[in-house]
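The values are calculated or read from the model by the stated rules, or taken from the named source; none is laboratory data. Keep in mind the model is a prediction, meaning the values are calculated, not measured. Note: ideal-geometry Cβ built from the backbone for every residue, glycine included; neighbour counts use all protein chains shown. Calculation scope for accessible area: heavy atoms of the full protein, side chains included, ligands and nucleic acids excluded. Shrake-Rupley method; radii C 1.70, N 1.55, O 1.52, S 1.80 Å.
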Amino acid sequence: RLTMTEAVRDLSLREVRIPFILTTSNFFLETFSGSCAIIYYSVNIFQSEQVVGLNHHLASILVAAILVIGGILGIFLVKEQPRVRLSMITMTLKSVCMGVLGTAIYVRTLPEHHLNIIKVVTVTTYMMCTSAGQSVTLIII
């Protein structure tokens, strides 16, 4: 049985330290990327009358379906791509989505219907990348 003292002492070993640092870094990146907040507010985005106009039940079901589809996609992607590459690709896509969404909202020169399309596409892509890439690698690592 491994004690806490032995576990901390084992961190001095390179073969234990490197995976520990990578896994911990991946958890922090996932946490600080705002995935929970985006998923939480995506229901409001899909509920908004200007965007899609779904009631709160259908909006929640749509969010769950996007996450499940992304998770299923992630199962196949993990088999085809190395975990680090998959994580980097999805993190980059998530960054691009948030950059596009933030820029579109900040500039406000787009017509309202274009802004609504950007909101739906970027939030959907962000959630898909979260469940297909980085979150899958958290479980596998």
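Here are some notes:
- Protection-proxy order for peptides 2-10, 69-77, each taking the mean of Cβ atoms within 10 Å per residue, highest first: 69-77, 2-10
- For region 116-133 and region 59-107, distance of Cα centres in Å: 6
- Cα principal axis extents for region 1-51, largest first, Å: 57, 21, 12
- Region 12-117 pair-distance distribution - Cα-Cα, 10 Å bins, rounded %: 12, 32, 33, 16, 5, 2
- Per residue, the chain exposes 66 Å² of solvent-accessible protein surface, assessed with a 1.4 angstrom probe and all protein chains in place.
- Computed over protein heavy atoms with a 1.4 angstrom probe, the accessible surface ordering of ILE66, ILE89, largest first, is ILE89, ILE66.
- Across region 97-114, coupling constants 3J(HN,Hα) worked out from phi with the 6.51/-1.76/1.60 Karplus curve, θ = phi - 60°, read 4, 5, x, 5, 5, x, 5, 4, 6, 6, 5, 6, 9, 7, x, 4, 5, 5 Hz, and Gly and Pro carry x.
- Dipole magnitude of the chain about its Cα centre (Cβ charges: Lys, Arg +1; Asp, Glu -1), debye to nearest 20: 320
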